Amino acid sequence: MRVLKFSDSIAERFNSKKINPSKVTPLQTFLMASLNETRSHLEAIISLCRVRLGDQAGLIARTLFEIYITLKFLQKHPEQLDRYLSYADYLKLIRLKGLERRESVFSIDNERKKEIRRKGKRAKKRYHFKFKWNPPEFSSIKSLCKEVGEEKSYESSYAYLSDFVHFNSFALFKHEYEESHGERILVSKQSWGEEHLGFSTELALRLYKFIDDAFELKLNDSIMKYYNRLRA
């Protein structure tokens, strides 16, 4: 798909600019990391839709929406970036504790464990994390959406996609078996693939525009032309 080529073009333009790493801001570093995450999610969504697993693609589309909202929020509040990045240290600490309870940390040496504990405890002490990175005044994805002017997107997209994530009556009785190449396979009665693929493509293009603007890569016209054509 052409939308994946934009990801490649952004990476190529970025590399060709030979930007001095010392001049790259923390937010720009985060943006480039988000580019890789966005592409991998989009590839997974495309693959699922091709095999008529559109409802499963919706689970990943919801994560893509969270990436987009987080980017918009951190662009508006760059002072919260350290909090966001520090949450990774806290999560590593939580996961280490979980692995230790299951006695599954044989691959992590003692020095690495000490470093994880030190950084995790420091992050928790500084930001008082409780299983979310969000600042207290923006404790939910809904409040983040409101802060960045995406209230309508929350209602029309995130809340809708959440029905595919959480097990509920909506998830029941929506699959059936059919024959494929001599085998019986389980497929959705209704795929939702077209809707989720279109939504995810639009989100990816918005994310690409963020990155393009941040590094002045001059792909914006091409991205917006394709974006507007999708919405036409």
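The values are calculated or read from the model by the stated rules, or taken from the named source; none is laboratory data. None of these values were measured; they are calculated from a predicted model. Counting neighbours? That spans all protein chains shown, and the Cβs are built from the backbone with ideal geometry, glycine included.
Among the residues of segment 77-97, write down those that are surrounded by fewer than 16 Cβ atoms within 10 Å (Cβ to Cβ) and touching a helix residue (DSSP H, G or I) at 6+ places or on another chain (Cβ under 7 Å).
Residue satisfying the conditions is P78 alone.
Taking the condition of being part of a helix (DSSP H, G or I) and in contact with a strand residue (DSSP E or B) (Cβ under 7 Å, 6 or more places away or on another chain), how many residues in segment 28-60 meet it?
Qualifying residue count, segment 28-60: 2.
Of the numbered conditions (1) surrounded by fewer than 17 Cβ atoms within 10 Å (Cβ to Cβ); (2) touching a Pro at 6+ places or on another chain (Cβ under 9 Å), K152 fails exactly one; give the number of that condition.
(2)
Against the definition (of a type in the set (S, T, N, Q) and in contact with a Phe, Trp or Tyr (Cβ under 9 Å, 6 or more places away or on another chain)), how does S86 come out, yes or no?
For S86, the condition - of a type in the set (S, T, N, Q) and in contact with a Phe, Trp or Tyr (Cβ under 9 Å, 6 or more places away or on another chain) - is met.
Just to verify a result, which residue in segment 51-69, among those that are touching a Phe, Trp or Tyr at 6+ places or on another chain (Cβ under 7 Å) and under 18 Å from Y154 (Cβ atoms), is surrounded by the most Cβ atoms within 10 Å (Cβ to Cβ)?
Ranking the qualifying residues of segment 51-69, first place goes to A61.
Could you check segment 1-24 and list, in sequence order, the residues that are of a type in the set (V, I, T) and touching a residue at least 40 places away in the same chain (Cβ under 8 Å)?
V3, I10, I19
In segment 25-48, which residue that is of a type in the set (A, V, I, L, M) and touching a residue at least 24 places away in the same chain (Cβ under 8 Å) is surrounded by the most Cβ atoms within 10 Å (Cβ to Cβ)?
Filtering segment 25-48 for residues that are of a type in the set (A, V, I, L, M) and touching a residue at least 24 places away in the same chain (Cβ under 8 Å), the one surrounded by the most Cβ atoms within 10 Å (Cβ to Cβ) comes out as I45.
From the list K72, K113, K124, which residue is basic (K, R), in a helix (DSSP H, G or I), touching a helix residue (DSSP H, G or I) at 6+ places or on another chain (Cβ under 6 Å) and surrounded by 14 or more Cβ atoms within 10 Å (Cβ to Cβ)?
None of the other options fit; the residue is K124.
Suppose the filter is closer than 24 Å to E151 by Cβ and in contact with a Pro (Cβ under 8 Å, 6 or more places away or on another chain); does R62 pass it?
When the stated conditions are applied, R62 does not pass them.
If you take the residues of segment 83-140 that are of a type in the set (K, R) and closer than 30 Å to E155 by Cβ, which of them is farthest from the chain's Cα centre (by Cα)?
K130
Would it be correct to say that A11 is within 20 Å of the chain's Cα centre (by Cα), aliphatic (A, V, I, L, M), modelled with pLDDT of 80 or more and under 19 Å from Y68 (Cα atoms)?
no
Could you tell me whether F199 is part of a helix (DSSP H, G or I), touching a helix residue (DSSP H, G or I) at 6+ places or on another chain (Cβ under 7 Å), at pLDDT below 80 and more than 15 Å from F73 (Cα to Cα)?
no
Give all pairs with beta carbons closer than 6 Å in which a residue from segment 50-61 that is closer than 15 Å to L161 by Cβ and charged (D, E, K, R) meets a residue that is part of a loop (DSSP other than H, G, I, E, B) and at pLDDT below 85; count only pairs at least 6 apart in sequence or on separate chains.
D55/W192
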